[in-house]
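Below you'll find the structure, written out as structure tokens, and then a few comments.
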């Protein structure tokens, strides 16, 4: 099976893949992978969506018929709230107040109340 066919099969199975993961998974060098992906994009078979992962620019590879998602811009506070919700970590984890009195902190109080009603 040709590499281009392997790429299309992977996209069919996974829906999307990061370019850096793609060349590792197919065991090909990154420049060869880039050339093949540019050709597939010109042929209208895929889209390469520029994203940043861990501070490094890469591309998310998706089938051409997939609608682009709007990336939402989040503030640090919004990121910390999402992290708190998804991981269950207390708000103190990302708190920037050094001399906080936790007995007077409304955020930690709300966090405990949420845990009490969930559990």
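The values are calculated or read from the model by the stated rules, or taken from the named source; none is laboratory data. Predicted, not measured: the structure shown is a model, and the values here were computed from it. Note that we place each Cβ from the backbone using ideal geometry, even for glycine, and neighbour counts take in every protein chain shown.
Among (1) closer than 19 Å to residue 8 by Cα; (2) at pLDDT 75 or above, where does residue 57 come up short?
Condition (1) is where residue 57 drops out.
Please work out which one of (1) under 21 Å from residue 1 (Cα atoms); (2) surrounded by fewer than 13 Cβ atoms within 10 Å (Cβ to Cβ) is the condition residue 65 fails and give its number.
Among (1) under 21 Å from residue 1 (Cα atoms); (2) surrounded by fewer than 13 Cβ atoms within 10 Å (Cβ to Cβ), the lone unmet condition for residue 65 is (1).
Go through (1) modelled with pLDDT of 80 or more; (2) under 30 Å from residue 16 (Cα atoms); (3) not assigned by TED's automatic domain parsing to the domain that holds residue 21 one by one and return the number of the condition residue 106 breaks.
(2)
Anything in segment 1-43 that is part of a helix (DSSP H, G or I), under 17 Å from residue 56 (Cβ atoms) and within 20 Å of the chain's Cα centre (by Cα)? List them, or say none.
19, 20, 21, 22, 23, 24
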